[in-house]
1. Specify the inter-centroid distance of the range B:1-66 and the range A:1-56, based on alpha-carbon positions, in whole Å.
2. Along the range B:307-323, what does the Karplus equation 6.51 cos²θ - 1.76 cosθ + 1.60 (θ = phi - 60°) give for ³J(HN,Hα), rounded to whole Hz, x for Gly and Pro?
3. Filter the GluC sites (Glu not before Pro) in the range A:14-112 down to the DSSP loop ones having no more than 16 other Cβ atoms within 10 Å, then list what survives.
4. Which whole-number value in Å² is the accessible area per residue of the range B:356-409, probe 1.4 Å?
5. Taking the alpha-carbon distance from A:Lys2 and a cut-off under 16 Å, which aspartates and glutamates remain once sequence neighbours fewer than 8 residues away in the same chain are dropped?
6. Karplus couplings for the range B:326-340 from phi (6.51 cos²θ - 1.76 cosθ + 1.60, θ = phi - 60°), rounded to Hz, Gly and Pro as x?
7. Scan the range A:29-112 for trypsin sites (Lys or Arg not before Pro) in coil per DSSP, keeping those whose Cβ has at most 14 other Cβ atoms within 10 Å, and list them by number.
8. Evaluate the charge dipole of the protein assembly as shown about its Cα centre and quote only its size in Debye, nearest 20, assuming +1 on the Cβ of each Lys and Arg and -1 on the Cβ of each Asp and Glu.
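The values are calculated or read from the model by the stated rules, or taken from the named source; none is laboratory data. Predicted model, so just to flag it, every value in this text is computed and none were measured. Reconstructed Cβ throughout: ideal geometry from the backbone, glycine too, with neighbour counts over all protein chains shown. Ligands, DNA and RNA are excluded from the accessible area calculation, which covers all protein heavy atoms including side chains. Shrake-Rupley method; radii C 1.70, N 1.55, O 1.52, S 1.80 Å.
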Amino acid sequence: MKKIEAIIQPFKLEDVKAALKKAGVDGLTISEVRGHGREKGHTEIYRGQEYEVQEIPRLKLELVVPAAQVDEVVAAIIEGARTGKIGDGKIFVSEVSQAIRIRNGDAGEAAL
Amino acid sequence: MLVSCALVLMMTGPGLALFYGCLVRKKNVLATMMQSFTLMALATVLWAIIGYSLSFGEGSAFIGDLRYLMLEGVGGDPMPDYAATIPHQTWMLFQMMFAIITPALITGAFAERMKFGAMCLFMTLWSFLVYYPMAHMVWGKGGLLNAFLGGSIPCFDFAGGTVVHITSGVSALVCALYLGKRKGYGTEPMKPHSLVLSFIGACLLWVGWFGFNAGSALAANALASSAFTATHFAAATAAIGWVLMEWLHSKPSVLGGISGAVAGLVVITPASGFVKPGPALIMGFVGGIVCYFMVVKVKNMFNYDDSLDAFGVHGAGGTLGAILTGVFATKAVNSAIADGKGGLIDGNGGQIVNQLIGVAIAWGIAIVGTLIILKICDIVCGGVRATPEQETIGLDVSQHGEEGYNFDA
């Protein structure tokens, strides 16, 4: 099992969800996060006092999928989230050692 | 007149309370609102007991006497010297609303760092040492600067350029310098926590100001209409002036717009019942630009922390307005002006000198009075400033034991 974490532009959420649905993924956790990569933030000015705001709002998607499905899911996220401009986000894939469904104790890929 | 009284009180709460309260960080919203609200109660009681008498009793050239102690004799009959067509009590009420908002304006300078107890003592003493004498000198019968009731140096101040805005604005600067900068000023972000609510507060100020200025005509007549016009026009051009200055350097901001409007209202206050619409448009525009420079450039140049720019807007704007009143005041607008005794525009350049003397006295009494009061408060309250710990957790919790926004409650 692999965990896929994707940081995306908030306005691309619906596109990504549609692409994931086409790829057959139906479990997804979304959180609102703030941060920055190489893209610049913005400046706010209040009566001449300037504040650099580097942390910009992004969404973080987390999903755990069977190892065989990873490439397809990653491709779907890229298809939905890509604009080609700086600031589109990143995808991280990592190993997951176990998954358990709380309701009935299912474990491993059966719990996904 | 009673509606005008209510409009002026609306300027303090909710107007000023929202404007100031939402320009600070959210941990200080209640404390800042509480300062304005406290004055609605405290300044009222002082006014009833002795403040009105010291301001408007016919005493010396500098301070009134005690003839109206506990408002004795201030009833339904008009007091012809001040307002011939309204009850003396109504005049007292109208003036009381000014005695409330003036000290409340100062709170913008020491926002986010003054102890509540020290603030209460400061405001009480300030009313006695600065406001009552200044109100008496400019508006009281026999006052030194009274232009219409026998003052030896006639200074035009229709609705409070010297009495309200210079005294509060200059005292604000003294407070900002005396207390020092907020903890973390210049290194930590200190953004307004809700410009939306500040916007509403500023717009309530704009509307309330019609009571302040047009109400100062003391009747529903042509002069009131003229003052209303001048007031509105100056607010409009000042908002445009401030935002244009911003636009030249960066982006036109909402905070700039509302700050500019307030600056224009301040500048036109002393002139509102003396000037034609054209000069009002000019005064507002110049005021918006001058106050922009005071707030955005001069404050940074001298590096003092006037948290909400009470000096940059009220001190600077009030001074500018008082001087320009000496330029644009005309008998054509206000028939109470004696022949040949208008402003420069009426061929009386000497009026500018009178205005400057009024300005100098207001600055002097504000500086000296405020310094003495701060020293007294320092000794009596064991320091006027909240401790660094109290400042860090915020004045809402440390001074009042509450929080403004309990969204998870």
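1. 48
2. 3, 10, 6, 5, 6, x, 9, 7, x, 5, x, x, 5, 4, x, 4, 5
3. On the way: sites: A:Glu14, A:Glu32, A:Glu39, A:Glu44, A:Glu50, A:Glu52, A:Glu55, A:Glu62, A:Glu72, A:Glu79, A:Glu95, A:Glu109; in loops: A:Glu39, A:Glu55.
The qualifying sites are A:Glu39, A:Glu55.
4. Details: 2990 Å² over 54 residues.
About 55 Å² of surface per residue is accessible.
5. A:Lys2 reaches A:Asp26, A:Glu62, A:Asp71, A:Glu72, A:Glu95, A:Glu109.
6. Karplus-based 3J(HN,Hα) across the range B:326-340 equals x, 8, 9, 4, 9, 5, 4, 9, 10, 6, 6, 5, 5, 3, x Hz.
7. Loop-located and lightly packed - A:Arg38, A:Lys40, A:Lys85, A:Arg101, A:Arg103.
8. For this selection, approximately 560 debye.
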